[in-house]
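Take a look at the structure set out below.
Every number in this text was worked out from the coordinates using simple rules, so none of it is lab data. Just so it is clear, the structure is predicted and the values come from calculations on it, not from any experiment. A quick note on method: Cβ atoms are made from the backbone with ideal geometry, for glycine too, and the neighbour counts reach across all protein chains shown.
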Amino acid sequence: MNKPYSVLLVDDDKFLLGMYQKKFEKYGVNADMCVGPEEALSKLRAGGKYDILVLDIIMPGMDGLELLKAIRQEKLSEKSLVVMLTNESASSKIEEAKNLGVAGYIVKATSIPSEVVEEIIKIADRDIK
């Protein structure tokens, strides 16, 4: 890890958010949490800057892909890498995420939290100059 990254975690599951926040902090990563897309948009519109946005897809109201489209349209946090962290494993959703320029796509069910955090840091080390 070149520098301490800042991460914005967006999920509708508070328990998962808390667990991932602790895991990221163990790795020296500053993790901010948002329960749902509206909270994330508020933080980003208020000028929140993050190295990495970690988005769930399956959320009530606006899903993670719609959130990402809104972030792109409004040019929020343009330098941030985006990693999808979701239980959505449909190839159409993965394809849609790739078309939106995500740096990574991780299916929650296939990885334990520490592996997820290590993978996200690896992606950041690879892609953040």
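The table below gives the values:
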{"quantity": "Theoretical gain in end-to-end length, A46 to E115 [0.36 nm per residue, Cα-Cα removed]", "calculated": "21.7 nm"}
{"quantity": "Reported label for calculated mean projected area of the Cα convex hull in nm² given (1) 9.4; (2) 9.9; (3) 7.1", "calculated": "(3)"}
{"quantity": "Estimated [θ] at 222 nm from DSSP helical runs (n ≥ 4, -39500 (n - 2.57)) normalised by residues in the chain, nearest 500", "calculated": "-13000 deg cm²/dmol"}
{"quantity": "Anchor K93: lysines whose Cα lies under 24 Å away (excluding residues fewer than 8 positions away in-chain)", "calculated": "K14, K69, K75, K79, K108, K122"}
{"quantity": "Cα gyration tensor, region 55-129 - rounded (a/c under 1.5), prolate or oblate", "calculated": "oblate"}
{"quantity": "FRET efficiency estimate (nearest 0.05) - Cβ-Cβ, K129 to I58, R0 41 angstrom", "calculated": "0.80"}
{"quantity": "Protection-proxy order for peptides 36-43, 64-71, each taking the mean of Cβ atoms within 10 Å per residue, highest first", "calculated": "64-71, 36-43"}
{"quantity": "Rounded, prolate or oblate (a/c below 1.5 giving rounded, otherwise prolate when a/b exceeds b/c) for region 84-126 by Cα gyration tensor", "calculated": "oblate"}
